[in-house]
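A quick write-up on the structure given underneath.
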């Protein structure tokens, strides 16, 4: 977004009711009389309003500029690398889970091990936990 101006919010009274009034700079005279949608939002932790008109803008008049952080495209190779790293971590977790599950089921079947006593290394110690 681009700062257009700084203005004091005034008061407009009509039929005994007070309304907030905001003036735009003169160069926006062409939108006088148009219907606008006004959205309440937040910007950097402060209350903000977005005013949207039907007025078309030429490409040169765009409010958001390509160098703005909002419009920076995501590098596809970066996204692929991140997804690949996530998939590899998920595979590691999956294999650890299944190894632990298999060891637990073996201990339930024969808690003393094949030698007749509890083995010195458990599934948890083999996994480094």
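Observations on the structure shown:
- Selected residue (only one of 24, 129, 71 is at pLDDT below 85 and touching a helix residue (DSSP H, G or I) at 6+ places or on another chain (Cβ under 9 Å)): 129
- Residue count for the range 22-46 under the criterion of being in a loop (DSSP other than H, G, I, E, B) and surrounded by 10 or more Cβ atoms within 10 Å (Cβ to Cβ): the result is 3.
The values are calculated or read from the model by the stated rules, or taken from the named source; none is laboratory data. The structure presented is a predicted model; accordingly, all values stated were derived computationally and were not measured. Heads up, the Cβs are rebuilt from the backbone with ideal geometry, glycines too, and the neighbour counts pull from every protein chain shown.
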